[in-house]
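Student: My structure is below; once you've seen it, I'll send some questions.
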Amino acid sequence: MTINQWSRLKLTRSWWIFSELLGRVETWNTSGEFSADVRVLEDRTALEFLTPSGFRPPVAEWGLLLGDAVHNARSALDALVWDLAHSDGATPSKPGRVAFPVTTNEREWMNNMKALEMVPGAHLERIRLAQPWVTSPDNPQLDWLSVLSRLDNDDKHRGRVVAVPLEEGVELHLNGLTLGDRLPEGGYFHVWGSGLSGTEAAGTPFARFGFGALIAGEDTAAGTATINLAPAVTVFDQVFPVGALQEGMLRYVRQVLDEVATGSELQEAWITPESFDPTAGPPR
């Protein structure tokens, strides 16, 4: 069996929406610089970045797009299982429960078997082998399918997107600081919590930057920093940049679709827009 057209369209639609989201973030980054005050810590080991007044990243808008992208990816899996459950004219006894199960242990898997009674045995075994408790037994929660399932559920209830400062996008504007003795911990860039949501009060520290050496001199005012931001979301207490979801999670979903449908991974690039007429826009 080959992957059905609806699964293909849904997954490719997800790729397009992720791209639209990242494009909007890039436009937001370039249309108005995010500039934060920077101060020297009292012990002079690092710089601290402070949330500016009026900082309001459009995280609600980003969250809506993320929810649409995630739901389309999840629907791609469900569409394949729906076709499998109707193979050769079969009729599932509970069609409303026919979906691609994502389970974290064997008991959960067995509880989902009844709804998949019409899925051919070989395909059902491939679905079982794709389960997070099989592919990632040490930490099934961080398997891409678990992340996808939680994100799809969180979008309906309590999902949120935050803005994460990018270390490679930090441009410091300092007042002639000089460095002294080296520090054993070396250089680092640490962001507080899971990112910025726009609800932080002005002056709230949100990140630290260490040079790997003490900051010399007596001045405590360091200057400012221009920072590029990226959208990210917290799943199972771990922060996932949206770019990683597009590149990692979607490609993994495509691999699962290939393996469940055919028993092997296909070497097709149908997830990317090169497979479509670029003048036609995203599939709908």
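Student: Inside segment 109-161, can you point out the residues that are modelled with pLDDT under 90, under 22 Å from the mean Cα position of the chain (by Cα) and over 17 Å from residue 77 (Cα atoms)?
Tutor: Answer for segment 109-161, where residues must be modelled with pLDDT under 90, under 22 Å from the mean Cα position of the chain (by Cα) and over 17 Å from residue 77 (Cα atoms): 154, 155, 156, 157, 158, 159, 160, 161.
Student: Further question: Could you give me the residue pairs with C-beta distances under 8 Å whose first residue belongs to segment 29-55 and is more than 15 Å from residue 225 (Cβ to Cβ), whose second residue is in a strand (DSSP E or B) and β-branched (Val, Ile, Thr) wherever it lies, and which are 6+ apart or on separate chains?
Tutor: Every condition considered, the pairs that remain are 44/215; 45/215.
Student: Does residue 55 meet the test of being assigned to a loop (DSSP other than H, G, I, E, B), surrounded by 14 or more Cβ atoms within 10 Å (Cβ to Cβ), among the hydrophobic types (A, V, I, L, M, F, W, C) and out of contact with any helix residue (DSSP H, G or I) (no Cβ under 7 Å at 6 or more places or on another chain)?
Tutor: Against the criterion (assigned to a loop (DSSP other than H, G, I, E, B), surrounded by 14 or more Cβ atoms within 10 Å (Cβ to Cβ), among the hydrophobic types (A, V, I, L, M, F, W, C) and out of contact with any helix residue (DSSP H, G or I) (no Cβ under 7 Å at 6 or more places or on another chain)), residue 55 qualifies.
Student: A further question follows. Of (1) part of a loop (DSSP other than H, G, I, E, B); (2) touching a helix residue (DSSP H, G or I) at 6+ places or on another chain (Cβ under 8 Å); (3) among the hydroxyl-bearing types (Ser, Thr, Tyr), residue 7 satisfies all except one. Which?
Tutor: (1)
Student: Out of the residues in segment 4-49 that are touching a Lys or Arg at 6+ places or on another chain (Cβ under 9 Å) and aliphatic (A, V, I, L, M), state the one that is surrounded by the fewest Cβ atoms within 10 Å (Cβ to Cβ).
Tutor: Selected residue: 41.
Student: Which condition from (1) farther than 30 Å from residue 127 by Cα; (2) surrounded by fewer than 16 Cβ atoms within 10 Å (Cβ to Cβ); (3) touching a strand residue (DSSP E or B) at 6+ places or on another chain (Cβ under 9 Å) is the one that residue 211 breaks?
Tutor: (2)
Student: Filter the helices (runs of 4 or more DSSP H) completely within segment 59-171 down to those with at least 2 residues that are aliphatic (A, V, I, L, M).
Tutor: By residue number, 59-85, 121-129, 144-157.
Student: Here is a list of conditions, (1) in a strand (DSSP E or B); (2) surrounded by fewer than 17 Cβ atoms within 10 Å (Cβ to Cβ); (3) of a type in the set (Gly, Ala, Ser), and residue 193 meets all of them except one; can you say which number that is?
Tutor: Of everything listed in (1) in a strand (DSSP E or B); (2) surrounded by fewer than 17 Cβ atoms within 10 Å (Cβ to Cβ); (3) of a type in the set (Gly, Ala, Ser), residue 193 misses just condition (1).
Student: Now for a different question. Out of all the residues in segment 167-190, which are surrounded by 15 or more Cβ atoms within 10 Å (Cβ to Cβ) and within 29 Å of residue 236 (Cα to Cα)?
Tutor: If the condition is that a residue be surrounded by 15 or more Cβ atoms within 10 Å (Cβ to Cβ) and within 29 Å of residue 236 (Cα to Cα), then 170, 189 are the ones that fit.
Student: On the basis of being within 24 Å of the chain's Cα centre (by Cα), within 30 Å of residue 30 (Cβ to Cβ), in a loop (DSSP other than H, G, I, E, B) and not small (Gly, Ala, Ser), does residue 234 make the cut?
Tutor: no
Student: Here's another thing I want to ask about it. Consider residue 176 against the criteria (1) in a loop (DSSP other than H, G, I, E, B); (2) within 33 Å of the chain's Cα centre (by Cα): it satisfies all of them except one. Which criterion is unmet?
Tutor: (2)
The values are calculated or read from the model by the stated rules, or taken from the named source; none is laboratory data. Just so it is clear, the structure is predicted and the values come from calculations on it, not from any experiment. Note that each Cβ is placed from the backbone with ideal geometry, even for glycine, and that neighbours are counted across all protein chains shown.
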